[in-house]
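Written out below as structure tokens is the structure these notes cover.
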Amino acid sequence: MTNLRVFTMGAAAVSLSFAALAQEVVPPQPIETPAATAPTGATTGAIVGLLVTVGPDGAVQDASVDVSGGAAFDAAALDAVRRWKFRPALRNGVPFAARVRIPFRFVPEGTAPIPGGLAGTAAAPATAPGPGSPDAGAPTPSAVAGGADAGAPAGPAAGVAGADGGMPAERPTPTAAGQAGDIGEVSVRGRQRKVERGGSDFQIDVGQLAIIPRKNAEDLLNLAPGIFIANEGGEGHAGQVFLRGFNAGTGEAIEFTVNGVPINEVDNPDAHGYADTHFIIPELIRDLQVIEGPFDPHQGDFAIAGSARYELGVRDRGMRAEASFGSYGTRRLLGLWAPKGQREGTFGAFEYQTTDGFGISRAASHATGMAQYEGELGPRGLYRILAGMYATHYRSAGVLRKDQVDSGQLDFYGTEDASQGGDAQRYMASFDLESPVGDGVVTAQTFLIYRSLRIDENFTGFLLDVQRRGQTLHDQRGDAVQKDYWAITAGTRGGYRVHFNWFGRDQAVELGLYGRYDHTVPTLQRVRFGTQTPYLIDQMLQTDIVNVAGYLDAEIKPLPFLTLRGGVRQDVWYYNVVDLCATNGNYQTGQPLNVNCPPYDASGQPQEPTRRQTATGDLFAPKVTALVALPYDLTFSASYGLGGQSLDARYISQEQKAPVVPLRAAEAGLLYRHPFGSVDLSGRVVGYYTHVDQELLPDPNQGRYSAAPGTTRVGVVGAIRATGRFFDEAASITTVNPRFDDTHSLVPYAPLVVGRSDTALFGPLPGNLRLLDHRLIGEAGLGISYIGKRALPFSQFSDPTLQMDASAYLRAGPVRAGVRVTNLTNNQFPLSQFFYASDFHSRPFATLAPAAHFTAAPPRIVLFTIELDLEREN
Amino acid sequence: MTAPRDRLLRTMALAVVALCASTCGSTGGALIKIGLRAGGLSRPAAGPLTFCNAQDAPCTGWTVTLQTARIVLGPLYFNVDPPPGESTRGGLVIMQATEQFVVDPLDPALKDVPGGADGQTDTSHYCEIDLLPLQATSTASAADRQLLGNAATAYVAGSASKGSTAVPFAGLVVINTSVATPQQPLIALQRVSGALANLTFTEAMQTVELRVDPTHWLDAVDFADLLGSTPVSGTYTWSPDNCAQNSASFDAARCRFQFHLLTDGIKLSVGVYQFSLTP
């Protein structure tokens, strides 16, 4: 008895051909995809290519064999596909018969499948390299035959369109005059699917979970298990990300990219690796890949705790205008243009948001523009041109002393220093292409970024500006720090992934490169309390940092049930750092005034205040994942990897090899995915271990993160996702036990348990309710975040918090209106808590001993939204 | 039978590790609030205190009898490290008492200091004691306020004798810019920088006890410096103006007297301020 498991090439998509010619064509999208049953007694796999005609009613009208895999397999595929149901192809919004090319791959049972979805992923369709190249390599989802869309059957982008990382596009044939009922032919191409890296790889198709209220792109990270985001810097300040008990700070321990363009900022004075994702318009995020560990050779600098890759695309084509208004003077305008007939990657969008903020000193505004064109390159390739601009200005309340709030000196939503805040700008452009060449696929990208920011913060009040020996006598001027930064970043990345047959199975190897150059000017100045007037320079650098890397990434299937993925990566950094104030702090007794950057050293000997220092650093990082197919749709996953972060330029010493902060991680777990009728269910349980030689913890005295001793973490992640025609549910829970290596005490600040549930319900309202001749469509979302207690310094623990965010929308034709509520129950709780010494003159005399501080979590915020889809299809 | 049991044990161990995340361990240390009591030299009863300012016997210096003494102390900062300088703060402060209080060094009774002290568990080695004029917001008795006024840090009154010479004295210790010098700026004079305080603060209910020993206040003082001035009502006194070089009241001898009283007496790091923890 031979048991075979059946896979399609997925996503339908390898190639689609159907009749069409109109400029605005939407391919048919599978809704129900019963699995094919392999022929009895078959011991080998096979690939069958079918040409399927989908009628205007979505039923299969005709199916024929295009590429034979043998009579028995052909029959099995035909039998299955005739039971499929589709959402019909649309031309200018009108259904028409279309012919689709659908590949079926029959694989002997035991070959490792990747249950693609899991928490946060809607579908894990196969790759779509283009016609004639039916298998781009990645194993397709399990027995969801033709499971191109299994995870998003009811979503707006379900089906073919949902395949792989890129949106298949149509290439209209100019001669196929189109009327409904005609048979046209369209070729569809797509991008390589991201290779999945086992139990810690969360490829999140946002899909209907976009209903749940999220303030910005950063909030979408919550869809990945174990992530908790706090923000003590204000609306325009990067959030503080905690991942599996790892304090990734303002992004410095997570590698962030958007469409491959890096977001982490080198030598940012707030934190080396600071990642501000506020410039991304949330509606443009099509999917998000979060790898919670250093298991992918594509991961580079800053990928210590992991990486987060935003992919942009708009599935709902058309022109759309949206206005929101609500609590605390919040207003948001969104204009989004996704021309029909163009690929998902083609869009333009503008966003403006302003708020008075909850409480004192929390007003903010920002404006963003992003545009991208995705075009076709040669017979099978694609390219994208992306441009974006962003500017923000914001106030920040900063931290509050708990004793002052407890005693009534300060309001819970007050501030210690109302002069805190900042502004930022970002301009970026990127060009990337992806095209099959020979037996593989070439990818290449180049990008250019300009970034500037200013951050004013005051964590310690009047603690640090004390009289120093040799310094002119002065009163305390305050500890507020102004961080100025501007940087120009240019870079490139590329690779060639080639497929070959080995052991009778498809194998793949990729060689790639990455190069990035940053010219930065980070400055740290102390400013007088309550003003923006600098009085002292803490740091003033000019840096040129080059990061060059090469990697090898292989996907080897030595046994039918075993898949090995991974390889090695070599990163090299070159540092050229000019300290423009190398004599900072060299006060000299008898000087009439303090001199910020004096022309003498600490001993009083003359020297120039500038100093150049150069250094190099490197990191060789192995990363590997093993996947073992088990019975009952289970896959065992085990990964090991090493990640690292380059050195902050302020620590560079001449001729010294700049150390790289490494992290070693290992994990193992079980993954599961199985369709139950129209419901796609996936889940995973993963145990993990990480060790980092050096921890980064908040240093309030410097207003930034500083190094602490090494730490080890162990924990467990459980995640589940279920998607059906009218619902989408993702839930996860993560526990962690983080310890310092030397004292074995808990690492502070990170939550020890993080739970998250995202629930979306959507579909036509019962009773065929109509408004203005349009059927009413309802959407409702509920997000629940449970943040367990957090270990805090001095054996303190924060109280667990439970926050609910909800939304509800009604759509009637082109009009959609709704309400979004965050912190539904209006809980008043601290978002972050810190313990350190500060002196905000809360007592008659200076307070120099450690005390509790916190930042306030936002209260309930209600936003009403109305949206007009100017070109919406029914 | 062994294999299932091992599997069970392994499963239980993993579960413990996972659950431990939310139940076990801490980051170490604790924030604490403790009591603070202050008083004079430990002896059977309050009253005048007679001692030799040379701290020897038979006395080779002045025999001093203190009739009245007061000192304004606070805030107090208990530090792990020695302060980097008299005019600079530094190190790591782990405990603080941020209220001013008045101590009668001649009364051995310990009195509670309002507000006590707060900080973290750890071991301090030094204490910075600010010597500031009595603030309007500070808790002090009316009698002490009347005695000290709003400019003085301390008050001493008594008599000193050496051979046949007797010097009745009384005066306020005022630390202002008149007594400050470039070498001893005001900020340095107004602080006992690094009084020894080897104290281990724990989470147990504790109280810091501070005893002020005035017998060392006058160790370096030569009462003969007062004899050149005219006594008032039979008592020799002084003022900070004695140190103001351009003032009509400038008096080098009485300025020297004040300087020794302050810098070699009241500000002494060893012997004057005695800290202990109870229980």
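So is B:ALA166 surrounded by fewer than 21 Cβ atoms within 10 Å (Cβ to Cβ) and either under 30 Å from B:GLU203 (Cα atoms) or within 13 Å of chain A (Cβ to nearest Cβ) (or both) or not?
no
Where residues in segment B:69-85 are in a strand (DSSP E or B) and of a type outside the set (A, V, I, L, M), which of them is nearest to B:VAL272 (Cα to Cα)?
B:ARG70
Report those strands (runs of 3 or more DSSP E) wholly inside segment A:561-667 carrying at least 1 residues which are crowded, with 22+ Cβ neighbours inside 10 Å and at positive phi.
Details: elements: A:562-579, A:611-630, A:634-645.
Answer list for segment A:561-667: A:562-579.
Those residues that are more than 12 Å from chain A (Cβ to nearest Cβ) and part of a loop (DSSP other than H, G, I, E, B), I need them from segment B:125-156; list them, please.
Scanning segment B:125-156 gives B:LEU131, B:PRO133, B:ALA140, B:SER141, B:GLY149, B:ASN150, B:ALA151.
Mind listing just one residue for me: the one in segment A:361-379 that is hydrophobic (A, V, I, L, M, F, W, C) and under 23 Å from A:VAL314 (Cα atoms) and, of those, least open to solvent (accessible area, probe 1.4 Å)? Spell out how you get there, then give the answer.
Initial filter on segment A:361-379 (hydrophobic (A, V, I, L, M, F, W, C)): A:363-364, A:367, A:370-371, A:377.
Now narrow it down to the ones that are under 23 Å from A:VAL314 (Cα atoms): A:367, A:370-371, A:377.
On the way: A:ALA367: 36, A:MET370: 5, A:ALA371: 47, A:LEU377: 65 Å².
Out of the qualifying residues, it is A:MET370.
Restricting the first residue to segment A:349-366 and requiring it to be free of Cβ contacts under 8 Å to residues at least 40 places away in the same chain and more than 19 Å from A:GLY530 (Cβ to Cβ), which pairs with a second residue that is open to solvent by less than 30 Å² (accessible area, probe 1.4 Å) and among the basic types (Lys, Arg) meet a Cβ separation below 6 Å and a spacing of at least six or different chains?
What qualifies is A:GLN353/A:ARG332.
Of all residues in segment A:827-858, count the ones that are open to solvent by less than 10 Å² (accessible area, probe 1.4 Å), part of a loop (DSSP other than H, G, I, E, B) and away from chain B (no Cβ under 12 Å).
Adding up the residues that qualify gives 1.
Go through segment B:146-176 residue by residue and tally those that are more than 16 Å from B:PRO105 (Cα to Cα) and of a type outside the set (Gly, Ala, Ser).
Going through segment B:146-176 one residue at a time, the tally reaches 10.
Quick test of your reading of the structure: A:GLY567 fulfils all but one of (1) in contact with a Gly (Cβ under 7 Å, 6 or more places away or on another chain); (2) at pLDDT 85 or above. Name the failing condition by number.
All conditions are met except number (1).
Considering every residue within segment B:157-180, establish whether at least one is farther than 30 Å from B:ARG254 by Cβ and either free of Cβ contacts under 8 Å to residues at least 24 places away in the same chain or among the aliphatic types (A, V, I, L, M) (or both).
Checked against the condition, which is being farther than 30 Å from B:ARG254 by Cβ and either free of Cβ contacts under 8 Å to residues at least 24 places away in the same chain or among the aliphatic types (A, V, I, L, M) (or both), segment B:157-180 yields no hits at all.
Taking the criterion of being under 25 Å from A:ILE204 (Cα atoms), open to solvent by 10 Å² or more (accessible area, probe 1.4 Å) and not hydroxyl-bearing (Ser, Thr, Tyr), would at least one residue in segment A:350-360 satisfy it?
Filtering segment A:350-360 down to residues under 25 Å from A:ILE204 (Cα atoms) leaves A:350-351.
Still in the running and open to solvent by 10 Å² or more (accessible area, probe 1.4 Å): A:350.
Cutting the leftovers down to not hydroxyl-bearing (Ser, Thr, Tyr) gives us A:350.
Within segment A:350-360, one or more residues are under 25 Å from A:ILE204 (Cα atoms), open to solvent by 10 Å² or more (accessible area, probe 1.4 Å) and not hydroxyl-bearing (Ser, Thr, Tyr).
Out of A:GLN476, A:GLN525, A:GLN482, A:GLN542, which single residue is open to solvent by 40 Å² or more (accessible area, probe 1.4 Å), within 24 Å of B:GLY90 (Cα to Cα) and either touching a strand residue (DSSP E or B) at 6+ places or on another chain (Cβ under 6 Å) or not in a strand (DSSP E or B) (or both)? Steps first, please.
Details: A:GLN525 fails: open to solvent by 40 Å² or more (accessible area, probe 1.4 Å); A:GLN482 fails: open to solvent by 40 Å² or more (accessible area, probe 1.4 Å); A:GLN542 fails: within 24 Å of B:GLY90 (Cα to Cα).
Just a single option satisfies the conditions, and that option is A:GLN476.
Looking at (1) at pLDDT 95 or above; (2) facing another protein chain (nearest Cβ under 9 Å), find the lone condition where B:GLY35 falls short.
It fails just one condition, (2).
Can you run down the residue pairs with Cβ atoms below 6 Å, 6 or more apart or on separate chains, where the first is in segment A:196-210 and more than 14 Å from A:TYR672 (Cα to Cα) and part of a strand (DSSP E or B) and the partner is among the polar types (S, T, N, Q) and open to solvent by less than 10 Å² (accessible area, probe 1.4 Å)?
Matching pairs, first to second residue: A:GLN203/A:THR121; A:GLN203/A:GLN289; A:ILE204/A:THR121; A:ASP205/A:THR121.
Among the listed residues B:ASP112, B:ASP122, identify the single one that is open to solvent by 10 Å² or more (accessible area, probe 1.4 Å), touching a residue at least 60 places away in the same chain (Cβ under 8 Å), within 14 Å of another protein chain (Cβ to nearest Cβ) and out of contact with any Pro (no Cβ under 9 Å at 6 or more places or on another chain).
Criteria check complete, one pass: B:ASP122.
Tell me whether segment B:254-269 contains one or more residues that are of a type in the set (Gly, Ala, Ser), open to solvent by 10 Å² or more (accessible area, probe 1.4 Å) and over 19 Å from B:ILE71 (Cα atoms).
Within segment B:254-269 (the criterion being of a type in the set (Gly, Ala, Ser), open to solvent by 10 Å² or more (accessible area, probe 1.4 Å) and over 19 Å from B:ILE71 (Cα atoms)), the answer is no, since none of the residues qualifies.
Scan segment A:783-805 for residues that are open to solvent by less than 60 Å² (accessible area, probe 1.4 Å) and more than 20 Å from A:VAL747 (Cα to Cα) and report the count.
Final tally of qualifying residues: 6.
The values are calculated or read from the model by the stated rules, or taken from the named source; none is laboratory data. Since we're looking at a predicted model, the values are computed, not measured. For neighbour counting, all protein chains shown are included, and Cβ atoms are generated from backbone atoms with ideal geometry for every residue, glycine included. Note: accessible area is taken over every heavy atom of the protein model, side chains too, but ligands, DNA and RNA are not part of it. Shrake-Rupley method; radii C 1.70, N 1.55, O 1.52, S 1.80 Å.
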